[in-house]
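The values are calculated or read from the model by the stated rules, or taken from the named source; none is laboratory data. Just so it is clear, the model here is predicted, and its values are computed rather than measured. Cβ sites come from the backbone with ideal geometry, for glycine too, and all protein chains shown count toward neighbours. Accessible surface areas use protein heavy atoms only, side chains included; no ligands, DNA or RNA. Shrake-Rupley method; radii C 1.70, N 1.55, O 1.52, S 1.80 Å.
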Amino acid sequence: MKGRRLAGTGTLLRLALRRDRVTAPVWILVTALLVVSMPRSLGAVYGNAAERAEIAASMNANSSMRAMYGPVFGDSLGALTAWRGGVYAAVLAAAMSLVLVVRHTREEEETGRQELLSAGAVGRAAPLTAALLAALVADGCVALLVAGGLAGQGAAGALALGAAVGGAGLFFAAVAAVAAQLTESARAAKGLTAGVLGAAFVLRAAGDSAEAGGGSAATWASPLGWAENVRAFAGERWWVLGLSLACAAALVLGAYALAARRDLGTGLLPARPGPAEGRLGTAGALAWRLQRGGLLGWSLGFLAAGAVFGGMASGAAEVVGGNEKTRQIIERMGGQSGLTDAFLAAMAGLFGMVAALYVVSSVLRLHGEETSQRAEPLLANAVGRLRWAGGHLAVAFGGSALILLLAGTGLGIGHGSGLGATVGACLAQLPAVWLIGAVAALLHGAAPRYAVAGWAVAGAALALGWLGPALGLPQAVMDLSPFTHLPKLPGPRAVDWADWAPLLALTALAAALTAAALAALRRRDLLA
């Protein structure tokens with residue numbers, strides 16, 4: 001019976017890997033590159049042991065920096081790399097794992113494809129097993145690339161950091177497996193798992209802010225805190241890896257037990273019934289109803305993050321100290337209008353690049369509605385394609401303006417002054433954000449098979465803006481990102497025509513691409 005329950009696992013695993021042959025490698029490489037590129041950039045800034053010891057001490061003394069990155073456990077390049085990129089690489093690995101598991105379990109059931117497969121020689125536990133194995137392969141690749149890329153800094157530390165990042169991914173793959181059994185929709189499963197990930201980050205941030213050594217109870221209550229407390233390159237704690245693996249194993253066993261107790265296509269948590277009569281009179285109202293939960297989460301996150309970064313702005317000069325290379329990186333990211341203004345401008349740019357991820361996810365909701373066949377019965381009624389798509393695009397573009405407005409408000413509140421300047425700096429990122437959203441809309445409208453490439457466009461802009469200044473990339477490469485052409489605000493001088501010209505040009509280009517996207521969507525067949 002056990003063999004029958006796992007029948008077809010290998011075939012389903014090959015199918016999952018084939019379906020993810022583009023997105024998974026890109027995600028793996030971006031996550032690994034985030035970590036592997038750190039020693040070079042950190043070595044260029046902190047070239048000797050004294051400078052590294054000074055920055056480690058200043059970061060540990062700053063509660064805001066500890067909340068953002070965690071404590072520094074050593075002053076070697078490897079230890080600084082683990083501090084600077086370890087937590088965020090673990091978050092990326094966790095996000096990748098939850099998407100993979102939900103995609104190959106709950107999403108397959110929701111679309112009806114799993115029912116067709118289960119009618120053949122496929123065991124009941126095979127889909128869940130194949131999804132978990134796909135996540136295991138992806139997380140294993142991340143761990144190997146991180147360990148191999150950092151081997152020059154110390155084999156033991158590199159292996160520990162790679163295992164910590166991969167272990168965090170496996171833990172959240174197991175959380176996603178449980179969520180897929182509890183809920184009836186892929187959106188709810190992703191939201192539930194993402195909520196656990198967000199709570200883990202908040203717990204770790206709160207614990208690290210309260211205590212410098214990573215020993216806070218809140219830090220140890222977070223799976224991301226476990227990855228941090230492995231202490232790669234600083235007297236590795238190998239036993240901490242067992243926490244992630246043991247909890248992941250327990251959750252996987254729970255997921256199998258839950259899967260055996262439910263019917264295919266259903267969840268153990270009953271879905272809330274809707275009203276007896278419909279309350280949505282327009283396609284735009286439906287788009288808002290579908291996307292309001294996600295927008296609320298992004299809004300709260302941007303407001304809170306803005307307040308945290310704003311509170312750090314006044315201490316930017318203290319953190320940088322006399323390190324000229326660090327000052328140059330911040331000024332390259334935020335302009336040369338004084339270190340505090342440059343820091344605020346760099347944070348505004350970072351919010352803009354992250355907002356590009358929101359706008360892509362919101363625009364591609366169109367693709368999800370179409371591929372799940374929910375759009376077809378809607379469009380069969382008195383709803384035109386332009387009205388249907390326009391509702392989702394309005395939420396995407398308007399929502400990006402809202403979250404950037406809240407980010408600027410948070411920056412101003414955290415900094416304690418200049419609320420109008422910080423709000424304006426964040427809203428100045430909108431033309432570039434809208435341009436990336438328009439590219440995603442055009443991909444969906446003209447070539448829906450490649451709509452997922454919209455994530456690559458947003459990811460490339462984020463990578464260029466985040467890593468480019470530290471790596472000293474040529475200006476010609478930096479110019480590939482639309483964010484490079486935006487004015488560096490706030491600044492001491494008034495905004496003139498030279499600043500408005502790129503804003504207007506990017507906005508016009510975004511409008512033209514959006515119009516082209518709607519025209520292409522109107523002409524093509526659905527699911528074609």
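Among the residues of the stretch 162-175, those that are open to solvent by 10 Å² or more (accessible area, probe 1.4 Å) and aliphatic (A, V, I, L, M) comprise ALA163, LEU170, VAL175. Within the stretch 118-136, restricting attention to residues that are surrounded by fewer than 17 Cβ atoms within 10 Å (Cβ to Cβ) and aliphatic (A, V, I, L, M), the residue that is farthest from LEU264 (Cα to Cα) is ALA121. Kindly list, by first and then second residue, each pair from a residue in the stretch 229-247 that is at positive phi to a residue that is open to solvent by 50 Å² or more (accessible area, probe 1.4 Å) and charged (D, E, K, R), limited to pairs with Cβ atoms under 6 Å and residues at least 6 apart or on different chains. Matching pairs, first to second residue: ARG231/ARG237.
In the stretch 218-240, the qualifying residues are those that are open to solvent by 20 Å² or more (accessible area, probe 1.4 Å), among the hydrophobic types (A, V, I, L, M, F, W, C) and more than 18 Å from LEU197 (Cα to Cα), and the one that is modelled with the lowest pLDDT is ALA234. As for the stretch 427-438, it holds at least one residue that is of a type in the set (Gly, Ala, Ser), within 15 Å of ALA515 (Cβ to Cβ) and touching a Ser or Thr at 6+ places or on another chain (Cβ under 9 Å). Of ALA177, ALA194, ALA212, ALA218, all but one fail to be over 11 Å from SER244 (Cβ atoms) and not in a helix (DSSP H, G or I); the exception is ALA212. Condition test on LEU350, is it open to solvent by 30 Å² or more (accessible area, probe 1.4 Å) and of a type outside the set (Ser, Thr, Tyr)? For LEU350, the condition - open to solvent by 30 Å² or more (accessible area, probe 1.4 Å) and of a type outside the set (Ser, Thr, Tyr) - is not met. Entry remark, the stretch 392-413: residues being surrounded by fewer than 22 Cβ atoms within 10 Å (Cβ to Cβ), of a type in the set (Gly, Ala, Ser) and in contact (Cβ under 8 Å) with a residue 24 or more places away in the chain number 2 in total.
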